[in-house]
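So that we are looking at the same thing, I have put the structure below in structure tokens.
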Amino acid sequence: MGYDARVANTSEQCPAASDWGGARGDRWRAQLSGMEAMLKPVDDPLIRALKLDTLLRIAEIGSGGGGTALELLQRAPVGSVVHGFDISAGLVEHARDRARSEGAPIAFEVADMASAAPPGAPYDRLVSRFGIMFFADAPAAFANLFRWLAPGGRLAFAAWGRVADNHWMTDVRAAVAEVVEIPAADPTAPGPFRYAEPDKLLALLKSAGFAELEVRDWRGALPVGGGLPVAEAASFAIASFSTFQDLLTQAGGDALTRARQALTTRFAGLEQNGVVELEARVHIFTGARPR
Ligand SMILES: C[S@@+](CC[C@H](N)C(=O)[O-])C[C@H]1O[C@@H](n2cnc3c(N)ncnc32)[C@H](O)[C@@H]1O
């Protein structure tokens, strides 16, 4: 969400498509409250999978605006430590401000988790909500992340299941495709659906040294923008998901307006209790570093 290298991954079309340290991170920040409210339902299955059963040191990969880190701190045994790491300086700044204003003792640091070493002792838990699908050299990145986990430590990562089961993407994409041509996808490129076939990530994690690997699916409804009525939900989705807004802006004329109308019409049939909710399927990967 907020990206889709499968849809448009050529630098000429969308220079910011994988630039999380730059424009992509800034765009995520601009839509942050709506995106985090929309993704909030994933926190519960993800954090439960992490097994916060004792005093722990927890590192979050791609901590974004800090919502999941705050939830982790609330749910971990008192005295546990939560550190968030993200490649986007703007998102880290936002997360720090938020933690400060909420009085939450969470440290957020700028780090490229594909290559950075842990700042101190390795962690007891490694967690990520949709932050592990963007590494350019995935085998090297997961080998690096192995160093972040202490022997006996556990991981839980959330990644999107196949596109067809994620209506937040298919419905929006179908409306946009009524107006502009959407470039073909490369399922191997960094992007949200890169691990839709879970075996790919399981194999990478195994090669990196992790064990006890499992994947379970969470299916549920996500409130678009956190719970918006039809027209606002359509504008939010086009501005925030994938690079649709870039494609429509580049198409020029009234393309953006027509796509918003097409999506508003689709959403009208889905609205319930004044908000639009769309079905999602998320893989929750778990594993451990052998002792
Ligand atoms: C889809 S967003 C998810 C953000 C947050 N976890 C959430 O669910 O709201 C992906 C996040 O991963 C971060 N990210 C991408 N590549 C990264 C890397 N190599 N190292 C650290 N963070 C990265 C991005 O900056 C962004 O905050």
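The values are calculated or read from the model by the stated rules, or taken from the named source; none is laboratory data. Keep in mind the model is a prediction, meaning the values are calculated, not measured. Every residue, glycine as well, gets a Cβ built from its backbone with ideal geometry; the counts of neighbours run over all protein chains shown. Protein only, heavy atoms only, side chains kept; ligands, DNA and RNA dropped before computing areas. Shrake-Rupley method; radii C 1.70, N 1.55, O 1.52, S 1.80 Å.
Need the full-extension length gain, S101 to D165, defined as separation in residues times 0.36 nm minus the C-alpha distance. One decimal, nm. Kindly include the intermediate steps, with their values, before the conclusion.
Values: separation 64, 0.36 × 64 = 23.04 nm, distance 3.72 nm.
Result for the pair: 19.3 nm of gain on full extension.
Additional query: If each residue of separation counts as 0.36 nm, what is the full-extension length gain between F146 and R48 once their alpha-carbon separation is subtracted?
33.2 nm
Next up: Share of Cα-Cα pairs in segment 198-269 beyond 19 Å, in percent? Show your work: numbers first, answer last.
Working: 1389 of 2556 pairs.
In whole percent, the share of Cα-Cα pairs in segment 198-269 beyond 19 Å is 54.
Sequence neighbours fewer than 8 away in the same chain don't count; with that in mind, list the aspartates and glutamates whose C-alpha is under 17 Å from K206.
The reachable aspartates and glutamates, counting only those whose Cα sits under 17 Å from K206, are D137, E197, E214.
Residues in segment 251-277, backbone N under 17 Å from the label point at E178 (7 Å along the Cα-to-beta-carbon vector): list them, ranges by number please.
254-271, by backbone N distance to the label point.
Another question about this same structure. Heavy-atom accessible area per residue, the chain, 1.4 Å probe: how many Å²?
On the way: 11840 Å² over 291 residues.
So the chain comes to 41 Å² accessible per residue, rounded to a whole number.
Another question, if that's okay. Normalised radius of gyration for segment 40-120, please: alpha carbon Rg relative to 2.2 N^0.38 Å, two decimal places. Mind showing how you got there, number by number?
Working: Rg = 12.1 Å, N = 81, 2.2 N^0.38 = 11.7 Å.
Its radius of gyration relative to the 2.2 N^0.38 Å reference: 1.04.
What number in nm² do you get for the chain if you take the convex hull of its Cα atoms and divide its surface by four?
Details: hull surface 56.5 nm².
In nm², the orientation-averaged hull projection of the chain is 14.1.
Ignoring ligands, DNA and RNA, what percent of the 1.4 Å accessible area of the chain is carbon and sulfur?
Details: 5940 of 11840 Å².
In the chain, the share of accessible area belonging to carbon and sulfur is 50 percent.
Something else now. Sequence neighbours fewer than 8 away in the same chain don't count; with that in mind, list the aspartates and glutamates whose C-alpha is under 18 Å from K40.
E60, E71, E102, D217, E277, E279
Round to the nearest 0.05 the FRET efficiency obtained for Q261 and K40 when R0 = 30 Å and r is the Cβ-Cβ distance. Display every interim value, and only then the final one.
Numbers: r = 29 Å, r/R0 = 0.96.
According to the calculation, E is roughly 0.55.
Here's another thing I want to ask about it. So how much slack lies between Q74 and A116, counting 0.36 nm per residue of separation and subtracting their Cα-Cα distance, in nm?
On the way: separation 42, 0.36 × 42 = 15.12 nm, distance 2.68 nm.
Net length gain for the segment: 12.4 nm.
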